[in-house]
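Report on the structure given below.
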Amino acid sequence: MSVRLVPAPISISYAPVSENAEQFLREYHKLSQIDDDPIAQWLKTSKAKGHTAESDPVILNLLIELYRKVDSLEKFLKNDEPIRIHLSSSNDIESIGFSHFQLTQNALHVGDEYYGRVEMPVYPKRDIALFFKAIDTNLAEITKMHLEDEKAWNIYLTARERIMIREMKESKN
């Protein structure tokens, strides 16, 4: 099986689904943008109704990010950080594709299903929850990911491809 992958320096925490399938699915749904980010939902609704047509999108996005930072600080001060399920393993991701990723170490059992969280270095930073199946001891196929998280994953992949192309051009000169 040939899968096109791009180098990506990110990490993943994961555990076999068999350890706690119901809890993993519950956290997966909690980490969706719908439950986690009410301001984003408000913005989508306002855009759909046309209330933001005359607003400057850059300023609007900056204000929303400012709101998120204040909200995050408030949660921190109240010691109200979201509790995440402990995942038994963690590993560095060597490279990613649109529906696959490869770990730096051979740590997976072929055919097993896993639940994982990846802290994505995109704006805004957030944890992406996903389910994946081990194709090889270090190659995995993503089987379930929220639509918004999939968009962030694909944006990150495209950015990494651009960096790789730029580095290849620079090395030729």
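Here, each number is a calculation from the coordinates, and none is a lab measurement. Bear in mind the structure is a predicted one, so any value in this text is a computation, not a measurement. Because the Cβ atoms are built from the backbone with ideal geometry, glycine has one as well, and the counts that use them run over all protein chains shown.
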Before rounding to the nearest 500, sum -39500 (n - 2.57) across all DSSP H runs of length at least 4 in the chain and divide by the residue total; then give [θ] at 222 nm in deg cm²/dmol.
-13500 deg cm²/dmol
Taking Cα atoms, the helix 147-172 axis meets the longest principal axis of the chain at an angle in degrees (rounded to 10) of 70 degrees
Taking the chain and dividing mean pair separation by its residue count, relative contact order in percent (alpha carbons under 8 Å, at least six apart)
30 percent
How far, in degrees from 0 to 90, does helix 57-77 lean away from the longest principal axis of the Cα atoms of the chain, to the nearest 10?
80 degrees
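Which net charge results when you count Lys and Arg as +1 and Asp and Glu as -1 among the other residues whose beta-carbon is under 13 Å from that of HIS86?
Working: positive: ARG84, ARG117; negative: GLU19, GLU27.
Residues close to HIS86 contribute a combined charge of 0.
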Arrange the following residues from fewest to most other Cβ atoms within 10 Å of their Cβ: TYR28, TYR14, TYR67.
TYR67, TYR28, TYR14
Quick one: the Cα spread of segment 122-173 along its three principal axes, in angstroms, biggest first?
42, 31, 14
List, largest first, the extents of the alpha carbons of segment 67-173 along their principal axes, each in whole Å.
51, 40, 24
Per 0.36 nm of contour for each residue apart, how much would the distance between MET168 and HIS109 grow if the chain were fully extended, relative to their Cα-Cα spacing?
17.8 nm
FRET efficiency for THR143 and ASN79, using Cβ-Cβ distance with R0 set to 30 Å, rounded to 0.05
0.30
If amide H atoms are built 1.01 Å from N in the plane of the peptide, which residues on other chains or at least 5 residues away come under 5 Å of the amide H of THR143?
PHE131, PHE132, LYS133
Hey, with R₀ at 25 Å, roughly what FRET efficiency would HIS29 and ASP136 work out to, going by the Cβ-Cβ distance, to 0.05?
0.30
In nm, spacing of pseudo-spin labels at VAL122 and SER90 (7 Å Cα→C-beta vector)
2.2 nm
Hz values of 3J(HN,Hα) by residue in segment 40-53 - Karplus curve (6.51, -1.76, 1.60), Gly and Pro given as x
5, 5, 4, 4, 4, 5, 5, 5, 4, 7, x, 6, 9, 4
When HIS86, HIS29 are ranked with the fewest other C-beta atoms within 10 Å first, the list becomes HIS86, HIS29
Most mobile of ASP92, ASP136, ASP80 per a Gaussian network model of the chain (Cα springs, under 10 Å)?
ASP80
Prolate/oblate/rounded label for segment 26-78 (Cα gyration tensor, a/c 1.5)
oblate
As a test of understanding, state the convex hull volume per residue of segment 1-149 from its alpha carbons, in Å³.
137 Å³
Taking 0.36 nm per residue of separation and subtracting the Cα-Cα distance, what length does fully extending LYS44 through ASN61 add?
4.9 nm
With axes computed from alpha carbons, what is the tilt in degrees of helix 21-30 against the longest principal axis of the chain, rounded to the nearest 10 within 0 to 90?
40 degrees
Within the set PRO38, PRO16, PRO57, GNM on the chain using Cα springs under 10 Å gives the largest fluctuation to PRO57
The set of residues whose placed amide H lies less than 5 Å from the amide H of SER90, leaving out same-chain residues fewer than 5 positions away, is TYR14
